[in-house]
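Report on the structure given below.
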Amino acid sequence: MNVFDTLMLPNGSTIKNRIAKAAMEENMADADQAPSEELMRLYQAWAEGGAGLIITGNVMVDGRAMTGPGGVVLENEQQLDKFKRWARIGRSGGAQFWLQINHPGRQMQANLGQKTWAPSAIPLDLGKMSKRFATPHAMTASVIDDVIQRFARTARLGEQAGFTGVEIHAAHGYLLSQFLSPLTNQRTDEWGGSLENRARLLLEIVKAVRSVVSADFAVAVKLNSADFQRGGFTADDARKVVELLNELGVDLVELSGGSYEAPAMQGEARDGRTLAREAYFVEFARDIRTVARMPVMVTGGVRRRPIAEMVVQSGVDMVGIGTALAIDPHLPRDWLLGKDSTPQLPPITWKNKAIAALANMAVVKYQLRKLSRAKKTDPSVSPLRALVLQQLAMAFRTRQYRRWVEKRSM
């Protein structure tokens, strides 16, 4: 088996190779929080690049709950024509194109002016940066039910728009990941306590989504292999959740790891563990593969074809690539042509790990902005410059988002 073999999903559809463009948060919505022209150009580059599967950055199921101010929102039909065009572009090179659908829970910045919900009223611990995030409110039964229906509605609208699947985001410390972790879910009702209860919201969302989309529409889940925080969601927990998902018609599970508090998706653990320099989570994925009845994909740190080949030859079904495809969107095509491309960013070794993580994300987003303007990427950009530009862009996007919210309330 190699990375250019096709993969058949449980729903009967096929993916032309084992390389996925993993989700990265672009923050490129237009003034209506819909896909912008810049976002269309960015996905045109990836569509031409040869990946078998393209997964969007966060698409929000609720316009009041944003992972970032420039996030795309799909909660009704008002902007559906833009999503239809986005779907056509993403599929134009023969890839499957999935919406990653998400709710941030407590990981929403306070300056967006929205009420923050989470399983329990536990604030983020980011040291001096904690003040950027409000202490969340514990979700009521009606709020939980509303979230379930919103995930299902967004998935149904995604199918209407022409996407071939959705990926439900239950990783990286966002809402569903918060429910799964005993550190953030301290409820004593049917949504907390045992792992089965903590997984209940994810399972109910998967069932609700599956009930409103067609059988050949892919339903995937992105799951943390672990939180990499002491006392958090563990690798054993991940195995058990996958066993629960086995019964629900899930077409693929993507494994990643970490959260805002412990950005393992950037190679940083907070529980003392040392992650591999590349393919951070592949050992976890191999373990999960022994119990999963659906294909398993691993994302995190892959940038070289020999590593990607090692991953699939070890029994993992797909390789998700993010940063490397932000630098070189045509990487799969290059590999197929025999080019030994290895795109990477210089490491950021600042002492403040939280600021370094922000700078790393800013450097990635700098590459995405270049691609969205049909320009050549610049991996050697100064992290400080990228961070300053990103902060300015976020300030603009925050004002734009707040104007959108005001307009909706009129």
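The values are calculated or read from the model by the stated rules, or taken from the named source; none is laboratory data. Please read these numbers as outputs of a predicted model, since none were measured by experiment. Glycine also receives a Cβ, built like all others from the backbone with ideal geometry; neighbour counts cover every protein chain displayed. Side chains are part of the model used for accessible areas, which takes the heavy atoms of the whole protein and leaves out ligands, DNA and RNA. Shrake-Rupley method; radii C 1.70, N 1.55, O 1.52, S 1.80 Å.
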Review point. Do we have residue 154 as surrounded by fewer than 23 Cβ atoms within 10 Å (Cβ to Cβ) and either under 22 Å from the mean Cα position of the chain (by Cα) or in a loop (DSSP other than H, G, I, E, B) (or both) here?
Key: no
Practice item. Starting from residues that are at pLDDT below 90 and of a type in the set (Ser, Thr, Tyr), keep the ones in region 269-313 and report whichever is surrounded by the most Cβ atoms within 10 Å (Cβ to Cβ). Key: 280
Check your understanding: Which one of these does residue 335 not meet: (1) assigned to a helix (DSSP H, G or I); (2) more than 10 Å from residue 3 (Cβ to Cβ)?
Key -> (2)
Practice item. Go through (1) more than 23 Å from residue 35 (Cα to Cα); (2) at pLDDT 95 or above one by one and return the number of the condition residue 151 breaks. Key: (1)
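Yes/no per residue for (1) of a type outside the set (S, T, N, Q); (2) under 26 Å from residue 239 (Cβ atoms):
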| position | (1), (2) |
| --- | --- |
| 131 | yes, no |
| 137 | yes, no |
| 146 | yes, no |
| 149 | no, no |
| 168 | yes, yes |
| 172 | yes, yes |
Review point. Across region 66-104, which residue is surrounded by the fewest Cβ atoms within 10 Å (Cβ to Cβ) among those that are of a type in the set (D, E, K, R) and in a loop (DSSP other than H, G, I, E, B)?
Key: 77
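Please determine whether any residue of region 390-408 is among the hydroxyl-bearing types (Ser, Thr, Tyr) and modelled with pLDDT of 95 or more. Walk me through it before giving the result.
Looking only at region 390-408, we keep the residues that are among the hydroxyl-bearing types (Ser, Thr, Tyr), and these are 398, 401.
Next, only the ones that are modelled with pLDDT of 95 or more stay: 398, 401.
There is at least one residue in region 390-408 that is among the hydroxyl-bearing types (Ser, Thr, Tyr) and modelled with pLDDT of 95 or more.
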Exercise for review: Being open to solvent by less than 30 Å² (accessible area, probe 1.4 Å) and within 25 Å of residue 15 (Cβ to Cβ) narrows it down to one of 147, 212, 242, so name that one.
Suggested key: 242
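With of a type outside the set (Phe, Trp, Tyr) and open to solvent by less than 30 Å² (accessible area, probe 1.4 Å) as the only criterion, which of 391, 400, 344 stands out? Step through it out loud before you land on a result.
Working: 391 fails: open to solvent by less than 30 Å² (accessible area, probe 1.4 Å); 344 fails: open to solvent by less than 30 Å² (accessible area, probe 1.4 Å).
Result of the check over 391, 400, 344: 400.
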Review point. Restricting attention to region 52-61, does a residue exist that is surrounded by fewer than 19 Cβ atoms within 10 Å (Cβ to Cβ), farther than 20 Å from residue 361 by Cα and of a type in the set (A, V, I, L, M)?
Key: no
Practice item. For residue 337, state whether it is farther than 23 Å from residue 54 by Cβ, free of Cβ contacts under 8 Å to residues at least 40 places away in the same chain and open to solvent by 30 Å² or more (accessible area, probe 1.4 Å). Key: no
Practice item. Give region 353-396 a look and list any residue that's in a helix (DSSP H, G or I), among the charged types (D, E, K, R) and more than 20 Å from the chain's Cα centre (by Cα), or say none. Key: 353, 370, 385
Exercise for review: Being in contact (Cβ under 8 Å) with a residue 24 or more places away in the chain, more than 15 Å from residue 328 (Cβ to Cβ) and of a type in the set (D, E, K, R) is the filter here, so list the residues in region 37-63 that pass it.
Suggested key: 38, 41, 62
Practice item. Go through region 352-377 and count every residue that is hydroxyl-bearing (Ser, Thr, Tyr) and buried (at least 22 other Cβ atoms within 10 Å of the Cβ). Key: 1
Exercise for review: Take residue 2 and decide whether it is of a type in the set (S, T, N, Q) and modelled with pLDDT under 95.
Suggested key: yes
Point to revise | Residue among 190, 167 that alone is open to solvent by less than 20 Å² (accessible area, probe 1.4 Å) and of a type in the set (D, E, K, R) | key: 167
**Study point:** Selection count, region 55-65, where residues are hydrophobic (A, V, I, L, M, F, W, C), in contact with a strand residue (DSSP E or B) (Cβ under 6 Å, 6 or more places away or on another chain) and in a loop (DSSP other than H, G, I, E, B)
**Key:** 1
